[in-house]
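The values are calculated or read from the model by the stated rules, or taken from the named source; none is laboratory data. Here the structure is a predicted model, which means the values were calculated and not measured. No Cβ is skipped: glycine too gets one built from the backbone with ideal geometry, and neighbour counts run over all protein chains shown.
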Amino acid sequence: MLGKTAGGLYWMFRFLERGENTARLVEAGFRIALTRSTDSETEWKSVVTTAGVKAGYSAKYETFNAANVVDYLLRDTTNPSSVISVTEKARTNARMVRTALTTEVWESVNENWMTLKSALKKPVKETELPAILGIIRQQSALVRGALHGTMLRNDIFDFAMIGTALERADNTARIIDVKYYTLLPSASFVGSSIDNVQWETVLRSVSAHRAFRWLNESEMTSSTIVEFLILDARFPRSLAFCTKHLVANLGYLAKDYGERLPCHDLADSLQSKLKKNDIGSIFETGLHQFIGDFIRENNAVGAQIELDYRFNG
Amino acid sequence: MGSDRKNFDEMLFGNEGVRQPYDNYEKWFCSEDPARLTKKSKEAEAFFRRTGITFNVYGQAAAQERLIPFDLVPRILSSREWTRLSKGIEQRVRAINAFLHDIYNRQEILRAGRVPIELISQNAAFLPQMIGMSPPGDVYTHIVGTDIVRTGEDDFFVLEDNARTPSGVSYMLENRETMLHMFPELFSQIKVQPVSDYPKNLRKSLAACAPHSCEGKPTVAVLTPGIHNSAYFEHSFLADQMGVELVEGHDLRVVDGHIAMRTTQGYKVIDVLYRRVDDEYLDPLNFKPESMLGVPGIMDVYRAGNITIANAPGTGIADDKAIYSYMPDIIEFYTGEKAILKNVETWRCSEPASLQYVLEHLSELVVKEVHGSGGYGMLVGPAASQKELSAFTAKLKSNPGNYIAQPTLSLSTVPIFTKKQLAPRHVDLRPFVLVSPNKVSITPGGLTRVALKAGSLVVNSSQGGGTKDTWVLED
């Protein structure tokens, strides 16, 4: 496979994953704004921070409110991470790597782009937001379904999965990072309604509220939530799950190509850090520190993959 | 223009009923509910959009992707008509290859005085870099798309040879797919020769042209200028259908005297490069130094016999419209036979007497630039305003050698489906030809382009033309 094609696939699936996660962030923010009368400004601000676009947003708007944030995150083409921008970039990458995709995958990505372009043509009214977020979620499910249902399990698939895993881990880690202060175990706040709402937001931002409740019944504490999001490899957005898949797919490449490269060692070390820690030692290191390290190392794996597999030269 | 003339319609004789090749189709059509056909027509458009069969129009925003309108009435040729056409095309393509080999080597046709030497020596499309070399198997034009027009029952003319980089074959294939998808019952009632082998044959034909240095199974790749090129869809479509890599210039470099592509596992040698990049962008070391689309040094690798470039650099000279006017002589010179297919009468404006004639009859003629393509920069005299005519007169006088003129042909029409009925529109035909050292093969049919405006003679997709599926019937 061409190095450029591997890079195109990897980025295509990073962009698709990013779009879906941004929509999920908006959904969580919107819900909080509806259920809480005060302090929605702080909530929207943290949504923008989590999406990693605070600088761009602040250059354009002075206040953090629903209309501006939703517009900036979903349909602003000057925001390189907006849903519409990443959907377009994913589709451009798909055109570039068209020969590596099945017709079904290509058509689903093309349709995703056509559908979202028309859905996000005009500013989104509050009444339409749930329906539009639903469309975004459904479209990405269609792409994923086409990928899993029709693609050969070869290096092409591996690069798609690696891009997805890296991006998703980065997203979940950034959500924890932005909200880490609400997730620190602190006796005085435990059980207070403020915490409950905050935790609920965190869980909703990664579509984990149902899974978490199912596993933990009524017990919701900061450490069970953090443990779930970082260490529970059964949950498809946890750091442990993403890293496991990252390592596995890199492993298939190593086997397929008969060659282990530096990126394999970096990914292994990322995974072993998760394995040898438990929730107690994570809080001991400091959650902020731990997550910060994870984000840096996760990115370093990505950069090494680009070099090792000659994406750009 | 056109509509007031008496045109040859390929489906219907004036009042005498349906021409034989259309017999069965017409019966089927008359039994169809027009409302269903209207619905199908809309379905076809949605199908093309979803599959991404689009093209970019130069001069419009980069993101602008347009569909080529598709008309659901097929253009039908009998097997007898096709046999004659394909013989004529094969003869012409063999002559063009012999001509190219000759002008880049012994130049016998120039010495014999059959083609004026200035037409070659002063031609921008003549590449001195190709002098004295023979491409593998002496094949210059691996892929040709001969443009054919028709004016009567037995009157077929070659309008252009397109020996350089013919495009449109993906539409030929997708149009058939679309028809099969929309009207499967038609194909069980009417036996149509298949076109779907084209990608497989293309790969085989290209592989058969691999250089001598290639050991084992040749590696073929398609070189595209990138996703912003107007024909990018076709480039990726062909690479995909052939099962080969689609590469851009920056994926390639010279490694140990070969062209190699950067893969996830290092550099891999390419033996045959089907390039969809023009000559002057192919190699910044040998041609345009600022080109980002090519591969530095590829011409040296080519001359050393370590890669096959399809089509060969320098074939563009055969597309020159002044050279075209000599094609009947060229065919006779190399094959010893009379040309089977006619040439359109052509006035070379470089010749004073012809220029005089052209200026006097401008409103009746079609004037083209000798290196032009895509319908750009041409004048259709009968359709032009007084202002356009005088502007063109000035252009002709200042640079006569840049132009040729031809009579406005009364092109045949084939009906299109419009608002629940059939209406005649002018068409042309581009069959696709594959050339390898021991074989010339022509896919039965080709791309029929159709002018969608009543009376219009301009069929180019860049100028609002559409396409039709083209059927060659089984015997």
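Here is how the numbers come out for the structure above:
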quantity: Residue in region B:49-63 that is over 22 Å from the mean Cα position of the chain (by Cα), at pLDDT 70 or above and buried (at least 17 other Cβ atoms within 10 Å of the Cβ) present; calculated: yes
quantity: Residue in region A:214-234 that is in contact with a helix residue (DSSP H, G or I) (Cβ under 7 Å, 6 or more places away or on another chain), surrounded by 18 or more Cβ atoms within 10 Å (Cβ to Cβ), within 30 Å of B:Glu248 (Cα to Cα) and at pLDDT 90 or above present; calculated: no
quantity: Set A:Ala28, A:Ala6, A:Ala23: member being part of a helix (DSSP H, G or I) and more than 18 Å from the chain's Cα centre (by Cα); calculated: A:Ala6
quantity: Only listed residue being of a type outside the set (A, V, I, L, M, F, W, C) and within 14 Å of chain B (Cβ to nearest Cβ), chosen from A:Lys45, A:Lys4; calculated: A:Lys4
quantity: Evaluation of A:Pro80 against (1) at pLDDT 95 or above; (2) buried (at least 22 other Cβ atoms within 10 Å of the Cβ); (3) within 29 Å of B:Thr224 (Cα to Cα); (4) of a type outside the set (D, E, K, R) (one fails), failing number; calculated: (2)
quantity: Condition broken by A:Arg95, with the remaining ones in (1) surrounded by fewer than 20 Cβ atoms within 10 Å (Cβ to Cβ); (2) within 14 Å of chain B (Cβ to nearest Cβ); (3) of a type in the set (Lys, Arg) satisfied; calculated: (1)
quantity: Tally, over region A:199-247, of residues that are touching a Ser or Thr at 6+ places or on another chain (Cβ under 9 Å), hydroxyl-bearing (Ser, Thr, Tyr) and within 19 Å of A:Ala51 (Cβ to Cβ); calculated: 2
quantity: Count of region B:322-333 residues which are more than 17 Å from B:Thr141 (Cα to Cα) and surrounded by 19 or more Cβ atoms within 10 Å (Cβ to Cβ); calculated: 3
quantity: A:Phe228 over 16 Å from A:Met161 (Cα atoms), assigned to a helix (DSSP H, G or I) and of a type outside the set (Lys, Arg); calculated: yes
quantity: Enumeration of residues in region A:52-84 that are in a helix (DSSP H, G or I) and not aliphatic (A, V, I, L, M); calculated: A:Lys54, A:Gly56, A:Tyr57, A:Ser58, A:Lys60, A:Asn68, A:Asp71, A:Tyr72
quantity: Search result, residues across region B:260-315 that are of a type in the set (D, E, K, R), closer than 16 Å to B:Thr165 by Cβ and either modelled with pLDDT of 95 or more or surrounded by fewer than 19 Cβ atoms within 10 Å (Cβ to Cβ) (or both); calculated: B:Arg275, B:Arg276, B:Asp278, B:Glu280
quantity: Exclusive hit being more than 14 Å from chain B (Cβ to nearest Cβ), out of contact with any strand residue (DSSP E or B) (no Cβ under 7 Å at 6 or more places or on another chain) and at pLDDT 95 or above, set A:Arg31, A:Arg75; calculated: A:Arg75
quantity: Filter pass, B:Ser350 being surrounded by 13 or more Cβ atoms within 10 Å (Cβ to Cβ), farther than 22 Å from B:Val459 by Cβ and in contact with a Pro (Cβ under 7 Å, 6 or more places away or on another chain); calculated: yes
quantity: Pick from region B:222-280, criterion among the β-branched types (Val, Ile, Thr) and part of a loop (DSSP other than H, G, I, E, B), ranking: farthest from the other protein chains (Cβ to nearest Cβ); calculated: B:Val277
quantity: Residue tally, condition farther than 29 Å from A:Met96 by Cβ and surrounded by 14 or more Cβ atoms within 10 Å (Cβ to Cβ), over region A:276-296; calculated: 11
quantity: Per-region count, region B:135-154, residues out of contact with any Phe, Trp or Tyr (no Cβ under 8 Å at 6 or more places or on another chain) and either surrounded by fewer than 21 Cβ atoms within 10 Å (Cβ to Cβ) or acidic (Asp, Glu) (or both); calculated: 4
quantity: Members of region B:246-285 found to be charged (D, E, K, R) and out of contact with any strand residue (DSSP E or B) (no Cβ under 8 Å at 6 or more places or on another chain), listed by number; calculated: B:Asp256, B:Asp278, B:Asp279, B:Glu280, B:Asp283
quantity: Residues of region B:103-123 satisfying the condition of being on the phi > 0 side of the Ramachandran plot and surrounded by 14 or more Cβ atoms within 10 Å (Cβ to Cβ); calculated: B:Gln107
quantity: Residue check for B:Gly336: surrounded by fewer than 19 Cβ atoms within 10 Å (Cβ to Cβ), without any contact (Cβ under 8 Å) to a residue 12 or more places away in the chain and within 14 Å of another protein chain (Cβ to nearest Cβ); calculated: no
quantity: A:Ser140 vs. criteria surrounded by fewer than 18 Cβ atoms within 10 Å (Cβ to Cβ), on the phi < 0 side of the Ramachandran plot and either assigned to a helix (DSSP H, G or I) or within 14 Å of chain B (Cβ to nearest Cβ) (or both); calculated: no
quantity: Residue within region B:459-471 that is modelled with pLDDT of 90 or more, touching a helix residue (DSSP H, G or I) at 6+ places or on another chain (Cβ under 7 Å), of a type in the set (Phe, Trp, Tyr) and in a strand (DSSP E or B) present; calculated: no
quantity: Number of the exception - B:Glu215 against (1) in contact with a Gly (Cβ under 9 Å, 6 or more places away or on another chain); (2) more than 9 Å from chain A (Cβ to nearest Cβ); calculated: (1)
quantity: From the options B:Phe126, B:Phe157, residue that is surrounded by fewer than 20 Cβ atoms within 10 Å (Cβ to Cβ), more than 14 Å from B:Ser205 (Cβ to Cβ), of a type in the set (Phe, Trp, Tyr) and touching a Lys or Arg at 6+ places or on another chain (Cβ under 8 Å); calculated: B:Phe157
quantity: Test: residue in region B:379-393 that is modelled with pLDDT of 90 or more, buried (at least 18 other Cβ atoms within 10 Å of the Cβ) and within 24 Å of B:Phe126 (Cα to Cα); calculated: no
quantity: Count of region A:98-120 residues which are more than 9 Å from chain B (Cβ to nearest Cβ), of a type outside the set (A, V, I, L, M, F, W, C) and touching a Lys or Arg at 6+ places or on another chain (Cβ under 8 Å); calculated: 1
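The rows are residues; the columns are (1) without any contact (Cβ under 8 Å) to a residue 12 or more places away in the chain; (2) within 14 Å of chain B (Cβ to nearest Cβ); (3) farther than 30 Å from B:Arg262 by Cα.
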residue: A:Pro262; (1), (2), (3): no, no, no
residue: A:Phe283; (1), (2), (3): no, no, yes
residue: A:Phe290; (1), (2), (3): no, no, yes
residue: A:Phe294; (1), (2), (3): no, no, yes
residue: A:Val301; (1), (2), (3): no, no, no
residue: A:Glu306; (1), (2), (3): no, yes, no
residue: A:Arg310; (1), (2), (3): no, yes, no
